[in-house]
1. Considering only residues that are crowded, with 18+ Cβ neighbours inside 10 Å and either of a type in the set (Ser, Thr, Tyr) or over 29 Å from residue 166 (Cα atoms) (or both), which ones fall in region 1-36?
2. Can you find, within region 37-78, the residue that is farthest from the chain's Cα centre (by Cα) among those that are among the charged types (D, E, K, R) and over 29 Å from residue 163 (Cα atoms)?
3. For region 1-89, list the helices (runs of 4 or more DSSP H) that sit wholly inside it and hold at least 3 residues that are out of contact with any Cys (no Cβ under 7 Å at 6 or more places or on another chain) and closer than 14 Å to residue 110 by Cβ; which are they?
4. Looking at region 108-120, is at least one residue at pLDDT 95 or above, acidic (Asp, Glu) and either assigned to a strand (DSSP E or B) or within 30 Å of residue 152 (Cα to Cα) (or both)?
5. Could you tell me which residue of region 254-272 is farthest from residue 215 (Cα to Cα), considering only residues that are modelled with pLDDT under 90 and either of a type in the set (A, V, I, L, M, F, W, C) or surrounded by 12 or more Cβ atoms within 10 Å (Cβ to Cβ) (or both)?
6. Among the residues of region 102-117, what is the count of those that are among the aliphatic types (A, V, I, L, M), buried (at least 21 other Cβ atoms within 10 Å of the Cβ) and farther than 15 Å from residue 39 by Cβ?
7. What is the number of the single condition among (1) farther than 20 Å from residue 265 by Cβ; (2) at pLDDT 80 or above that residue 237 does not meet?
8. Among 95, 42, which is at pLDDT below 90, among the hydrophobic types (A, V, I, L, M, F, W, C) and either touching a strand residue (DSSP E or B) at 6+ places or on another chain (Cβ under 9 Å) or surrounded by fewer than 21 Cβ atoms within 10 Å (Cβ to Cβ) (or both)?
Amino acid sequence: MTNLERFQDFNTAYQGMLYPMDTDHMGHANVRYYSRAFNEAAYFTFTTAGVTPDFMRETGRGMAAVEEHFLYRREILPGDLVLVKTCFINFTPKALHVWGVMINPLTDEICAVNDQVCIHFDTKLRKSAPFPIDDACVSYTRGAAGPDGGGEFVVVLARRDIIEEYERVCAAAGVYAGLVDLATFSALNSVLASPNVPSGDWLAVHMRPGYTSIAIVRGEDVIFFRNRPEGEDESLTDLVHQTAMYYQDRLAGQGFSRVLLGGSGRAPGAVDLARRGLEERLGTQVDAMGPSDVLTPLMGMLLRTRREAVGV
């Protein structure tokens, strides 16, 4: 299978030819060319999620990259044709994670690979803002029971078009997409299925390169959840401290029996640095959420899927 065949179902987000003006003194494409091509491809990809130029002008919203990675595989020379294929590989209420591959359509060689986390923001306030939920996929699960016989629900909303694109990419790769869920919820399921489930109220902090999620669990029920995209001004320790204050004031909190931290950060050592900061700020020991930042959410997803299959 050729590379063009492998990525045929991805978005064709950029096409062009390298001109001599985009080369450096060594005669091949300079880094500015790669950056511009992938940037233009990302903006085209945003339109497939409804983030069009009209949408941004009418709502006063914009998109800005907060993290970007390049992998250069083959040099591009003047006259070479390039094609950029893209897809979404992750999303949060305030961010989209775009993956792209640059291919020479005549030789079928991969020239470069790029991924970038882009924040949706308010152009007047210059602060990140959640996407509007006009057409969303909604899932929910029962939460804590109320003293009056009522109950709470944990509700998750995701853009339908992004979920559908994820399913199309999986289908193109010959795999079944299966259950699509938040990585943090899957990590919590892994903890709840372990032999050492924390008693009482416990705090979980799940770090990812593009965001960090904070959850407070009472027994087996999520009573508080917050997602913090990377690029916001507040530090993680300050945000957790605010969460702890809210827990005491509004949720009748009597203290955390355990504090768990897992995942992976944007930079090497980010999780260890966060652990030391949280221990100093909260004055308590912070334990690892699971054996691996990759395996923990996957185990939680498997356990949730098995539990729901048995329930049916």
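The values are calculated or read from the model by the stated rules, or taken from the named source; none is laboratory data. Computed from a predicted model, the values in this text were never measured in an experiment. Using ideal geometry, Cβ is built from the backbone for each residue, glycine included, and neighbour counts are taken over all protein chains shown.
1. Taking region 1-36 and keeping what is crowded, with 18+ Cβ neighbours inside 10 Å, we get 7, 10-11, 13-14, 18, 22, 29, 33-34.
Once the filter is applied, which keeps residues that are crowded, with 18+ Cβ neighbours inside 10 Å and either of a type in the set (Ser, Thr, Tyr) or over 29 Å from residue 166 (Cα atoms) (or both), region 1-36 yields 14, 18, 22, 29, 33, 34.
2. Step one: filter region 37-78 for residues among the charged types (D, E, K, R), giving 40, 54, 57-58, 61, 67-68, 73-75.
Filter once more, so that each one left must be over 29 Å from residue 163 (Cα atoms): 73-75.
Details: 73: 25, 74: 29, 75: 30 Å.
It comes out as 75.
3. On the way: elements: 3-6, 31-47, 53-59.
Qualifying helices (runs of 4 or more DSSP H): 3-6, 31-47.
4. Yes, because at least one residue in region 108-120 is at pLDDT 95 or above, acidic (Asp, Glu) and either assigned to a strand (DSSP E or B) or within 30 Å of residue 152 (Cα to Cα) (or both).
5. Looking at the filtered set, the residue picked out is 267.
6. Of the residues in region 102-117, the ones among the aliphatic types (A, V, I, L, M) are 102-103, 106, 110, 112-113, 117.
Checking which are buried (at least 21 other Cβ atoms within 10 Å of the Cβ) leaves us with 102-103, 112, 117.
From what is left, the residues that are farther than 15 Å from residue 39 by Cβ are 103.
The number of residues fulfilling the criteria is 1.
7. (1) is the only condition that residue 237 fails.
8. Values: 42 fails: at pLDDT below 90.
None of the others qualify; the one that does is 95.
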